[in-house]
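Report on the following structure.
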Amino acid sequence: MNRVRVVAISAVVLGVAVVAGTQFQKSQEIAALGEASQSVAQAPEPEVRAETSVASLVSVADSEPVNDLQVEARAADVAQDSAPQAQLSTPQASSTQDSNTPAAAPLTSASILPAVELAARDADAAETPRDTQAALNDDMGDGGDATDMASTDTALPVSEIDEDLSAELAACAVWLVVTPAEGAMLEASVYAPCDRDARVQVEHAGLTFDTQIDQDGQLMLMVPALIDDATLNVTFPDGRVQSDSTFVEELDQIERVALQWEGPATLLLHAYEFGAEFGANGHIHAGNPQEPNVEDHGFLTVLGDPDLADGHMVQVYSFPSGQSSRSGSVTLEIEAPVTAASCGRPLVAESIEMRGDAAARTRAIHLDMPDCDGTGGFVVLPGVLPPLQIAALR
């Protein structure tokens, strides 16, 4: 009978030791249960649930007779319950027990292996919750935690992308500043660092010309104003348009005539002030444009880049009638050089005429150029543009 008790207790101790967890816990459980098997009658009631369950099994063995076959069957049952998960599907030893054996049910119901497992987990969780989190962090790598791991599939940080995108857009932004200048002119400054050498089209109140951003991304322009509430538009090859506006004072004191056309032909605007002869100081043209606010003289503004294929070009003659001490007329002529690009083809041009405080008017000009055997000459069109009448200040 003593041998039966020892076998029963050893079987339970074996099951408890397998489920306990770590190798260190195994050694402690086996030592504690070994001592309990030697002096179970004298030992005080243990504090650990595993030892209490072992004592219960011993008392069951004392109170009810159990033969060797039943004990060995229970030991096998306990061993299989504590076996690795892969062996759980094997038939349990308890399925072969004799149903008439009264000790089988109490011994099976007294099994506390699941309780020992849960108690061990609860104890571990209660004692080291922070250690467990630290271990998880260590597994994830330096600086990681479960929240970081879960958020790795979320979207990229939008704020950083927005900041980078904003910086890139700011670096490629276009600045256009238009301010009024002497002679009822518009002083325009363009800065487009990402559009170096780009061809752009500039437009103001019907004036249209093509020019080019320089290699530094800058463009400086002086454009004659045609209306006092003036807006200047700069259009880039991809369709972007940059605009700025300003107000021009005393525009009604300027007489202004613009001639514009589209290449490849070349047109020239000539102004003869107060009866000046060709080549005289009062002969204003592209070779003698003068400057704004020169007393008793007008000035010529040339706009557009002639090196751009089929570019729009503009020439504008301006006379400050409100500042003149002389009276008389200014005769205007259009000259068309006969070149390989213009000979034998019709030319279409347009004039915009602004006289005093009257509304500006436009005029369409058609010219049939001579055949190419006349290359090197000029076609002069006097009288196409009405003269300007200048009244002296009193």
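The values are calculated or read from the model by the stated rules, or taken from the named source; none is laboratory data. All values reported here derive from a predicted model rather than from experimental measurement. Note that we place each Cβ from the backbone using ideal geometry, even for glycine, and neighbour counts take in every protein chain shown. When the accessible area is computed, the model is the full protein with side chains, heavy atoms only, and any ligands, DNA or RNA have been set aside. Shrake-Rupley method; radii C 1.70, N 1.55, O 1.52, S 1.80 Å.
Search the range 366-392 for residues that are among the hydroxyl-bearing types (Ser, Thr, Tyr) and pair each with any residue that is modelled with pLDDT of 85 or more when their beta-carbon atoms are under 7 Å apart and the residues are at least 6 apart or on different chains.
Thr375/Val338; Thr375/Thr339; Thr375/Ala340; Thr375/Cys343
Every residue in the range 346-364 that is without any contact (Cβ under 8 Å) to a residue 40 or more places away in the chain and touching a strand residue (DSSP E or B) at 6+ places or on another chain (Cβ under 9 Å), please.
First, the residues of the range 346-364 that are without any contact (Cβ under 8 Å) to a residue 40 or more places away in the chain: 346, 358-359, 361, 363-364.
Once the filter is applied, which keeps residues that are without any contact (Cβ under 8 Å) to a residue 40 or more places away in the chain and touching a strand residue (DSSP E or B) at 6+ places or on another chain (Cβ under 9 Å), the range 346-364 yields Pro346, Arg361, Arg363, Ala364.
So if I check each of Glu262, Glu250, which one is open to solvent by 20 Å² or more (accessible area, probe 1.4 Å), farther than 30 Å from Thr339 by Cα and either touching a residue at least 40 places away in the same chain (Cβ under 8 Å) or among the acidic types (Asp, Glu) (or both)?
Numbers: Glu262 fails: farther than 30 Å from Thr339 by Cα.
Every option except Glu250 fails the conditions.
Count, please, the residues in the range 336-394 that happen to be open to solvent by 50 Å² or more (accessible area, probe 1.4 Å), part of a strand (DSSP E or B) and not β-branched (Val, Ile, Thr).
10
Could you list all residues from the range 270-323 that are in a strand (DSSP E or B), aliphatic (A, V, I, L, M) and open to solvent by less than 50 Å² (accessible area, probe 1.4 Å)?
Filtering the range 270-323 for residues in a strand (DSSP E or B) gives 270-273, 283-285, 288, 299-303, 312-319.
Going one step further and asking which of them are aliphatic (A, V, I, L, M), we end up with 271, 284, 300, 302-303, 313-314, 316.
Selection gives Ala271, Ile284, Leu300, Leu303, Met313, Val314, Val316.
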